[in-house]
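This is the structure, below, for whatever I ask next.
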Amino acid sequence: MVYLQSFQMPTREDEENYFSKPDNFKVKRTCYTTKYPFGLFRYRELPEFYFTDITVFCGNNGSGKSSILNVIAEKLSLERTAPYNRSDFFEDYVELCEYQLDRSIPKESKIITSDGVFEKVLDIRRINDGIDRKRSDLIEEYIAENSPNAEPNQLRGFDDYDRWKRVSDMRNKNRSQSRFLKEHLMRNIQERSNGESALSYFVDSIQENALYLLDEPENSLSPQNQLQLKYFIEDSVRNFGCQFVISTHSPFLLSLQGATIYNIDETPPAEKKWTELDCVKVYHDFFLEQSDQFR
């Protein structure tokens, strides 16, 4: 399903006209240390990008692929969960962009960035840390209420507590510690590794019939989970009416079936097959040189 049909970033002429306006108050001021994103692509002018079900921007670190996604997301007013790099000139730059839609953008559409994924993982840890602290407080409260002779401060950890609990449960059969905690404490969110939490976040966030911008989604994902994300994206396009615009240099995601790939490192950026990209050839050449190690 295609929602976003094309997108045009400001040309060099557009930028020059912007800075030549005599009534441009921002340009006249000298307090700005950056005019980002103006000038980012000045010497490698971007073409008009045309989008398919899956469109990928590939490039080295600092190539500007994440900036392109942020500009598109801002222009389309997509939902986001994490702050991003911008300046006082960002809105003016976005104003100069143009786009064409094949159909209206669903309200569920959003941009998912690696910073947003990291924040989600940290939120899970913060919640669980808070629950664990509450659990410790409740243990002391339970001891104080049910065993007046016990001294909670002498219990240095859960091992001490477990030894105390075995004795305490025998003396207090009517009201167990486990029931007390269940009444006062929510359960921990399921613990996963960062990569498992990140993959789960993508699966939970991507719904049917919407446009999704994914900024380097391979961050925190193992090769196996990158493959799982690849298959999930392909299935979301094939069966659930989604469109994806992705910035990545992961060979697994670059191999997405049917993807249109723009090589941002070229001047001007051009469409490429994933097997023609330098970042993929690096992997190919490396493993080819080490092929005897796999025998």
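The values are calculated or read from the model by the stated rules, or taken from the named source; none is laboratory data. Owing to the predicted nature of the structure, the values given are computational and were not obtained by experimental measurement. Positions of Cβ are backbone-derived with ideal geometry, glycine not excepted, and every protein chain shown enters the neighbour counts.
Kindly indicate whether Leu254 is among the hydrophobic types (A, V, I, L, M, F, W, C), more than 24 Å from Arg103 (Cβ to Cβ) and modelled with pLDDT under 95.
Considered against the rule, which asks whether it is among the hydrophobic types (A, V, I, L, M, F, W, C), more than 24 Å from Arg103 (Cβ to Cβ) and modelled with pLDDT under 95, Leu254 comes out as no.
Which residues, counting only those in the stretch 98-114, are under 19 Å from Ser247 (Cα atoms) and of a type outside the set (Val, Ile, Thr)?
Within the stretch 98-114, Tyr99, Ser109, Lys110, Ser114 qualify.
Answer yes or no: is there a residue in the stretch 46-53 that is within 21 Å of Pro83 (Cβ to Cβ) and surrounded by 15 or more Cβ atoms within 10 Å (Cβ to Cβ).
Looking through the stretch 46-53, none of the residues is within 21 Å of Pro83 (Cβ to Cβ) and surrounded by 15 or more Cβ atoms within 10 Å (Cβ to Cβ).
Here's a follow-up. What pairs come out if I take residues in the stretch 252-264 that are closer than 10 Å to Leu277 by Cβ and pair them with residues that are among the small types (Gly, Ala, Ser) and surrounded by 22 or more Cβ atoms within 10 Å (Cβ to Cβ) whose C-beta lies under 9 Å away, six or more apart or interchain?
Pairs that qualify, where the first residue is closer than 10 Å to Leu277 by Cβ and the partner is among the small types (Gly, Ala, Ser) and surrounded by 22 or more Cβ atoms within 10 Å (Cβ to Cβ), are Asn263/Gly59.
Restricting attention to the stretch 69-93, which residues are under 25 Å from Phe19 (Cβ atoms), hydrophobic (A, V, I, L, M, F, W, C) and in the same structural domain as Leu214 (by TED's automatic domain parsing)?
Leu69, Val71, Ile72, Ala73
Among (1) on the phi > 0 side of the Ramachandran plot; (2) surrounded by fewer than 17 Cβ atoms within 10 Å (Cβ to Cβ), there is one condition Ser104 misses while meeting the rest; what is its number?
(1)
Looking only at the stretch 257-293, which residues are over 24 Å from Tyr231 (Cβ atoms) and aromatic (Phe, Trp, Tyr)?
Within the stretch 257-293, Phe286 is the sole residue that qualifies.
Also: For the stretch 214-295, list the strands (runs of 3 or more DSSP E) that sit wholly inside it and hold at least 3 residues that are closer than 26 Å to Glu79 by Cβ; which are they?
Those strands (runs of 3 or more DSSP E) span 243-247, 260-263.
Given the options Leu256, Leu221, name the one that is over 17 Å from Ile111 (Cβ atoms) and out of contact with any strand residue (DSSP E or B) (no Cβ under 9 Å at 6 or more places or on another chain).
Residue meeting the stated conditions: Leu221.
Looking at the stretch 37-47, is at least one residue touching an Asp or Glu at 6+ places or on another chain (Cβ under 7 Å) and touching a residue at least 60 places away in the same chain (Cβ under 8 Å)?
no
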